[in-house]
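S.K.: Quick one: the structure is below, questions incoming.
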Amino acid sequence: MTEEEPVQPRAAAAYDGGAGLPADPAATAASVEDGTASSLADPDAVDTTLRSPAQRSRTFMGILVNTALANITTSYLWFALTFWVYLETRNVIATGVIGGAYMLLIALSSISFGTFVDRYRKLAVMRFAAGFTLVMFLLSGVMFLLTPETSLVDLTQPWFWIFAVIILTGAVVENMRNIALSTTVTILIEPDRRANANGLVGMVQGLMFIVTSVLSGLSVGLLGIGGTIVVALVLTALAFAHLLTLRMPEEVRAAATDAHGGFDLRGSIAAVLAITGLFALILFSTFNNFIGGVYMALMDPYGLEMFPVELWGTYFALGATGFIVGGWLISKFGLGRNPLRTMLIAVVLMGVLGAVFTLREWAWLYIAGIWLYLVLVPFVEAAEQTVIQQVVPLQRQGRVFGFAMAFESAAAPITAFLIAPIAQVWIIPYARSAEGAAQLAPLLGEGTSRGIALVFLAAGIIMIVAALLAFLTPVYRRVSATYARSTEAPEAS
């Protein structure tokens, strides 16, 4: 990223006394509670008078479309890798490890991603991420050509794991763009429309699931993993070329920030703790990721046991239209006066769905459950983003979003790494035994995937209990009140 030099420490000193931490976190939190968080933004870094809100909105849509293409491409290859591995090995441990490794890499790298987003112009960050992903996918193609496929699918050999890590690294770095995208909402969109813009982001994620589910299944079934890599390379190159044509003149320079180095963990923690209740908000969002780790490890194996790979991708795409519906609802109606309350209600409903959508091995129940579950996911993600964009100053938003991504992503690999071996070694064999099938039949019916259904039921119940308890905590009331005061206060000029 050579387009912009990092902001010098002198600029940061004007904000935090030169120590890399807020001089008075309590005072910072108090300013947010008074609704004056916007006054902490760097007024010289962003000039929204250069263009009208409509023109800025069009630029945001261009960035959003470009990010959609990039996310679709990385998810297309990522989904295809997961399908291919399971079909070649029939081993849920392999898919669980790959899924968990993906989330673990995101957790380990997100602090750095957020630091770079704060230190550099947002388009420069996006271009760097796109170029890096293109190089990684190219390396995976070279390795596939040079390595015999029999060696590549042998889990006891290092070649498969190297191949998977190369693809995962390219997909993980692409997530730097998503952090930058959240900050462009703050720069380009008026405050009263940010929740709606975050809903559009949810719609893009839904489109990603639909397209990649269909294309990945068909691609693995018809082209194989080699042809899939070629398609991913072409689409990644197109997204990178389009990104070079975009401009965002409102960001005159990178906002003066106290971010230091490439991994500002200290500054990230300080940015979160400076806002009363912000860490609790991140904890609330983590509830969603807890059950997400279970689904990551077992949802594809469940679907692939029920359908052929080509049909599973299509049926999952049908369920993923719920993501678009949820995002559209937010873009149309917003999140209400208290996004945190909306988020927790959504988490409760997601727990109910997770508990019941595999109670019987019925295709329509599984797809309908996925659809309803994905209707709710954008509400959880958009609520967190909207609160952060409202109460955190721009020069710290990258690290706050990065910290949130790191913390929340860490929950999924923990559950994925734990549940995949347990399901493979104990739960699935027990459920398929004569004794286990007889004991589970009254609750879960009959079928080859009753072990996975038992795991989903337990995870859903845990999710419901956790979200209901969160409603009773004092910090829930404090965060809700802080957000209400910040939205009632007039925006600083």
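Every number here is computed from the coordinates shown, using simple stated rules; none is lab data. A quick note: this is a predicted structure, and the numbers were derived from the prediction, not measured. Note that we place each Cβ from the backbone using ideal geometry, even for glycine, and neighbour counts take in every protein chain shown.
S.K.: Report the calculated FRET efficiency for Val425 and Val465 (r = Cβ-Cβ distance, R0 = 25 Å), to the nearest 0.05.
M.R.: Details: r = 27 Å, r/R0 = 1.07.
E between Val425 and Val465, to the nearest 0.05, is 0.40.
S.K.: Grab the Cα-Cα distance for Arg485 and Leu108, subtract it from 0.36 nm times how many residues apart they are, and report the gain in nm with one decimal. Intermediate values should be presented prior to the final figure.
M.R.: Values: separation 377, 0.36 × 377 = 135.72 nm, distance 3.40 nm.
Once the chain is fully extended between Arg485 and Leu108, it gains 132.3 nm.
S.K.: Once you keep just the Cα pairs under 8 angstrom separated by 6 or more residues, what percentage relative contact order results for region 341-454? Intermediate values should be presented prior to the final figure.
M.R.: Details: 78 pairs, mean separation 32.0, N = 114.
Normalised by residue count, the contact order of region 341-454 is 28 percent.
S.K.: Could the peptides 396-405, 445-454 be put in order, highest first, of the mean number of other beta-carbon atoms found within 10 Å of their residues?
M.R.: Values: 396-405: 28.0, 445-454: 20.5.
By packing density, highest mean first, the sequence is 396-405, 445-454.
S.K.: Taking K and R as +1 and D and E as -1, what net charge do the other residues with C-beta under 15 Å from the C-beta of Ser75 add up to? Can you show the working numbers first?
M.R.: On the way: positive: Arg177; negative: Glu174, Asp300.
Residues close to Ser75 contribute a combined charge of -1.
S.K.: Where Lys and Arg each count +1 and Asp and Glu each count -1, what net charge lies around Thr89 among other residues with Cβ under 15 Å from its Cβ?
M.R.: On the way: positive: Arg90; negative: Glu88, Glu149, Asp154, Asp300, Glu305.
Here the count lands on -4.
S.K.: How much net charge surrounds Ser216 when only other residues with a Cβ under 13 Å from its Cβ are counted (Lys, Arg +1; Asp, Glu -1)?
M.R.: Spelling it out: positives minus negatives among the neighbours equals -2.
S.K.: Report which label in (i) 31.9; (ii) 25.1; (iii) 22.0 holds the value of mean projected area of the Cα convex hull in nm² derived from the coordinates of this structure.
M.R.: The value matching this structure is (iii).
S.K.: Can you tell me, using C-alpha contacts under 8 Å and at least 6 residues apart, the relative contact order of region 130-239 as a whole percent? Intermediate values should be presented prior to the final figure.
M.R.: Numbers: 60 pairs, mean separation 40.7, N = 110.
Relative contact order comes out at 37 percent.
S.K.: Then there is this: Evaluate the charge dipole of the chain about its Cα centre and quote only its size in Debye, nearest 20, assuming +1 on the Cβ of each Lys and Arg and -1 on the Cβ of each Asp and Glu.
M.R.: Values: 26 positive and 32 negative charges, 104 e Å.
About 500 debye.
S.K.: Using a Förster distance of 56 Å, how high is the FRET efficiency between Arg58 and Gln439, based on the Cβ-Cβ distance and rounded to 0.05? Don't jump to the answer; show the numbers that get you there.
M.R.: Details: r = 59 Å, r/R0 = 1.06.
Given R0 = 56 Å and the Cβ-Cβ separation, E is 0.40.
S.K.: Is it possible to state the helix-based mean residue ellipticity at 222 nm for the chain, with each DSSP H run of 4+ residues giving -39500 (n - 2.57), the sum divided by total residues, to the nearest 500 deg cm²/dmol? What is it?
M.R.: Working: 19 runs with 383 residues, N = 493.
It lands at -27000 deg cm²/dmol.
S.K.: Take every Cα pair under 8 Å in region 54-163 that's 6+ residues apart, average their separations, divide by the length, and report that relative contact order as a whole percent.
M.R.: Working: 28 pairs, mean separation 18.3, N = 110.
Reported as a whole number, the value is 17 percent.
S.K.: Provide the FRET efficiency to the nearest 0.05 for the Leu146-Leu311 pair, computing r from the beta carbons and using R0 = 35 Å. Present the calculation step by step, with values, prior to reporting the outcome.
M.R.: Numbers: r = 33 Å, r/R0 = 0.95.
Computed FRET efficiency for Leu146 and Leu311: 0.60.
S.K.: Obtain the nm distance between the two label points defined at Leu244 and Leu273 by a simple spin-label model: each point lies 7 Å from its Cα along the Cα-to-C-beta direction.
M.R.: Label-label distance for Leu244 and Leu273, simple model: 4.5 nm.
S.K.: Next up: Answer with one residue from Gly226, Leu146, Ala130: the one whose Cα lies farthest towards the positive end of the charge dipole of region 130-239, charges on Cβ with Lys, Arg +1 and Asp, Glu -1.
M.R.: The residue sitting farthest along the positive end of the dipole is Ala130.
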